[in-house]
Amino acid sequence: MSHPINVLIVEDLLTDALLVQHEVRGVLPESSFQVVETEPDFLAALESFRPAVILSDYSIPQFDGMTALRLAREHVPDTPFIIITGSINEERAVECMKAGAWDYILKDRIMRLGPAVLAALERGRERREKSWTTEALRQSEELFRNLFEKHAAVKLVVDPDSTAIVDANQAAAEFYGWPREQLKAKHVTDIHSLPLEQIKSKMRQATAEQCVRFEVRHKLADGTLRDVEIFSSPFQSGEKTLLHSIIHDITDRKKAEAALVAAKEQAEAANIAKSEFLANMSHELRTPFNGIMGMLQILRTTPLNRDQTGYVDAALQASERFTGLLSDILALSSLDAGRSALHVAEFSPADTLKSVTEMFTLRAREKGLALETAIDPAMPQTLLGDATRVRQILFNLVGNALKFMEQGAVQVRVSPLSAAVTGVSRYMFSIADTGIGIPDDKLATLFKPFVQADGSLTRAHEGAGLGLVLVKRLVELMNGSCCIETEAGRGTTVHVILPLDLPRQEAADTAREAVHPVEPKEQLDILVAEDDKLNQMFLTLVLESLGHQVTVAANGQEAVDLYMARNFDCILMDIQMPVMTGVEATQCIREKEGVRRKEEGSPSVDLQPSSFSPQPSKHIPIIAVTAHNQPGDRERFLAAGMDDYLAKPVDVREVRVALECFFGHAT
């Protein structure tokens, strides 16, 4: 193509837009480009720029590919439209193609873009030429004959009544492998893979609807079968209605699609295997480690000399590092496997920030560092979002900042960036430190797994290099962005920008019901369902140190039997146990509670922890104490009938707090 081609790019990232331009220029050197990222600019470009092809990112903050596609179909329906996306599943791809996209390209396969653009332009040209041909047929048989004979596309003229091939161009003769006269003596049934009735049905449909598109297999002269795409439309030749069919060989495309489906199935199978492996590894590592950390915590409460106390504290610190590393690895693997989902709920940014800084107050004090927070007065009191993910992002960034500092301060600031127009605003979380900074040559690799700014064997700071990678993945999961300002020797500031909803006004105005605390119990009768001996010992010692009576069940069935025999106040339930799992045992206990209520004639009421009063027919609190700590596990166990969730390794304080939620502060 010697004339300039106008290419309209819908993209919000300059780097991605430049990459797209580079790939298109490789096949269309004289192309002109215009980049837009909002709907008004897109509509203006359609009118003034008059693009020959549109290349759109699927999801950008102010716009999206599906909206752009819909507008393009309305205003320039014949202009090729190609979706470019960072990740796309089969359902989204099908949705795009059904909506009218001509093709879709994954960003990690951007080298396909150039050929795809050429193919789209060719298809667009053929589509336009097909329309011109139909019009020309009505105006001049001679013009139609000229176009029909010389066109490079495979073309047939068919009688829908007799299925006879009335005419075929030279391209058709070359494709099917018969001389033109011999091909014109045949019927569609001689080359078609469909039964006669289906062929006639397609012809009737083409005649009635003016144009049909369908895919079948055609047989060539040598017996080879080829996948073809057929566009067939009617035209008048004298008093006879004939069908003009354009045939595209799509055999290679079908093979590629089949290979893509097979690869997708293999990837899904690999993801399932990976998820099962991660869940099993999480359980197998956390279960014994819960016992190790638990016994260390118990040992810390016994009389020890100074050296012994130091040894225990060092072991606990090493254990906490191990637990953090394990959590980061499993979280990162879950994100890679696509198993992480957002759980949107109303939360307080101030409370979230406070909960994060409280976890690091002691560490900062021990290192002689200042840990400061600043919240913009314009920040809403509540937002809608995944508070757990926000907390995880801040936890990693604050912890990272403190780790690489020997003196100075870390400041966490939160402020709004823009006012909400459609209920969604952007908020910036900034974590600034006065630490060592990051050299310019290390910035490019900073967000890669297992990479640190200082990767030498003599580095002063330990770690696996997963914190910032996890932050980046979580920010992307929340459709946000992040950037870094740094100067070696002066400090670093990490900015995280997240789009968060504002809560509905009516929800914000709804009065909360008053909570009436119950009288705390001096001693609880607690059933511990746990099959691991070391974890049995740990939980028993912890609960007895709190003044409670403990009974141990080694499996789920034993827990159900003990529940039926005695009136326990509470159950701490492991999940993975022999004979009967913790989930199965919980469901069995809930069923038996229902039977008891019916026998006693009492209403089936789910009591809140604050109003719990243990009776045979009442709801007994069941707290999951489990090594299953993958995304969605907590929600799954709560949905199964459990009331709370503690992930192994469990801290003694977590056990105390969980019991206080149900029985007051006497625990």
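The values are calculated or read from the model by the stated rules, or taken from the named source; none is laboratory data. Predicted model only: the values in this text are computed from it and were never measured. Cβ coordinates were reconstructed from backbone atoms using ideal geometry, including for glycine residues, and neighbour counts include every protein chain displayed.
Any chance you could count how many residues in region 98-135 are closer than 17 Å to Leu260 by Cβ and among the acidic types (Asp, Glu)?
2
Taking Pro51 and the conditions (1) at pLDDT 90 or above; (2) surrounded by fewer than 17 Cβ atoms within 10 Å (Cβ to Cβ), which numbered condition does it fall short on, given that it satisfies the others?
(2)
Quick one: in region 166-190, of everything that is assigned to a strand (DSSP E or B) and without any contact (Cβ under 8 Å) to a residue 24 or more places away in the chain, which residue is surrounded by the fewest Cβ atoms within 10 Å (Cβ to Cβ)? Write out each step before concluding.
Of region 166-190, the ones assigned to a strand (DSSP E or B) are 166-168, 187.
After this cut, where a residue has to be without any contact (Cβ under 8 Å) to a residue 24 or more places away in the chain as well, the list is 167-168.
Working: Asp167: 18, Ala168: 25.
So, considering only residues that are assigned to a strand (DSSP E or B) and without any contact (Cβ under 8 Å) to a residue 24 or more places away in the chain, the one surrounded by the fewest Cβ atoms within 10 Å (Cβ to Cβ) is Asp167.
Just for region 204-226: of the residues that are closer than 19 Å to Leu183 by Cα and in contact with a strand residue (DSSP E or B) (Cβ under 9 Å, 6 or more places away or on another chain), which one is surrounded by the most Cβ atoms within 10 Å (Cβ to Cβ)?
Residues of region 204-226 closer than 19 Å to Leu183 by Cα: 216-226.
Those still in the list that are in contact with a strand residue (DSSP E or B) (Cβ under 9 Å, 6 or more places away or on another chain) too: 216-220, 225-226.
Details: Val216: 18, Arg217: 15, His218: 21, Lys219: 15, Leu220: 13, Leu225: 12, Arg226: 19.
If we take residues in region 204-226 being closer than 19 Å to Leu183 by Cα and in contact with a strand residue (DSSP E or B) (Cβ under 9 Å, 6 or more places away or on another chain), then His218 is surrounded by the most Cβ atoms within 10 Å (Cβ to Cβ).
Condition first: more than 15 Å from Val228 (Cα to Cα) and assigned to a helix (DSSP H, G or I). Now tell me which residues in region 191-211 satisfy that. Even if it seems obvious, please write down each step before you answer.
Step one: filter region 191-211 for residues more than 15 Å from Val228 (Cα to Cα), giving 195-198, 200-201, 203-211.
If the condition is that a residue be more than 15 Å from Val228 (Cα to Cα) and assigned to a helix (DSSP H, G or I), then Leu196, Glu197, Gln198, Lys200, Ser201, Met203, Arg204, Gln205, Ala206, Thr207, Ala208, Glu209 are the ones that fit.
Could you grab me the full set of residues in region 362-378 that are closer than 11 Å to Val410 by Cβ and out of contact with any strand residue (DSSP E or B) (no Cβ under 6 Å at 6 or more places or on another chain)? I'd like the intermediate steps shown before the answer.
Step one: of region 362-378, the residues closer than 11 Å to Val410 by Cβ are 363-364, 367, 369-373.
Hits for region 362-378 are Arg363, Lys367, Leu369.
Counting just the residues of region 566-580 that are over 35 Å from the mean Cα position of the chain (by Cα) and part of a loop (DSSP other than H, G, I, E, B), which one comes out farthest from Val652 (Cα to Cα)?
Ranking the qualifying residues of region 566-580, first place goes to Val579.
Residue-wise test of (1) over 35 Å from the mean Cα position of the chain (by Cα); (2) without any contact (Cβ under 8 Å) to a residue 60 or more places away in the chain; (3) on the phi > 0 side of the Ramachandran plot; (4) surrounded by 20 or more Cβ atoms within 10 Å (Cβ to Cβ).
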| site | (1), (2), (3), (4) |
| --- | --- |
| Leu527 | yes, yes, no, yes |
| Met537 | yes, no, no, no |
| Thr540 | yes, yes, no, no |
| Leu546 | yes, no, no, no |
| Val550 | yes, yes, no, no |
| Ala554 | yes, yes, no, no |
| Asp561 | yes, yes, no, no |
| Met564 | yes, yes, no, no |
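If you scan region 364-408, which residues turn out to be assigned to a strand (DSSP E or B), crowded, with 16+ Cβ neighbours inside 10 Å and hydrophobic (A, V, I, L, M, F, W, C)?
Here is the first cut: in region 364-408, the residues assigned to a strand (DSSP E or B) are 370-375, 383-385.
Right, trim to crowded, with 16+ Cβ neighbours inside 10 Å and you get 371, 383-385.
Selection gives Leu371, Leu383, Leu384.
For every residue, the table says whether it meets (1) surrounded by fewer than 19 Cβ atoms within 10 Å (Cβ to Cβ); (2) closer than 28 Å to Leu260 by Cβ; (3) touching a residue at least 60 places away in the same chain (Cβ under 8 Å); (4) among the aliphatic types (A, V, I, L, M).
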{"site": "Leu14", "(1), (2), (3), (4)": "yes, no, no, yes"}
{"site": "Val27", "(1), (2), (3), (4)": "yes, yes, yes, yes"}
{"site": "Val36", "(1), (2), (3), (4)": "no, no, no, yes"}
{"site": "Pro40", "(1), (2), (3), (4)": "yes, no, no, no"}
{"site": "Ala44", "(1), (2), (3), (4)": "yes, no, no, yes"}
{"site": "Phe63", "(1), (2), (3), (4)": "no, yes, no, no"}
{"site": "Ala72", "(1), (2), (3), (4)": "no, yes, no, yes"}
{"site": "Asp78", "(1), (2), (3), (4)": "yes, yes, no, no"}
{"site": "Ile82", "(1), (2), (3), (4)": "no, yes, no, yes"}
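Within region 56-69, can one find any residue that is farther than 28 Å from Tyr427 by Cβ and either acidic (Asp, Glu) or in contact with a Leu (Cβ under 9 Å, 6 or more places away or on another chain) (or both)? Outline the logic, then answer.
Here is the first cut: in region 56-69, the ones farther than 28 Å from Tyr427 by Cβ are 69.
From the residues that got through so far, the ones that are either acidic (Asp, Glu) or in contact with a Leu (Cβ under 9 Å, 6 or more places away or on another chain) (or both) too are none.
Scanning region 56-69 turns up no residue that is farther than 28 Å from Tyr427 by Cβ and either acidic (Asp, Glu) or in contact with a Leu (Cβ under 9 Å, 6 or more places away or on another chain) (or both).
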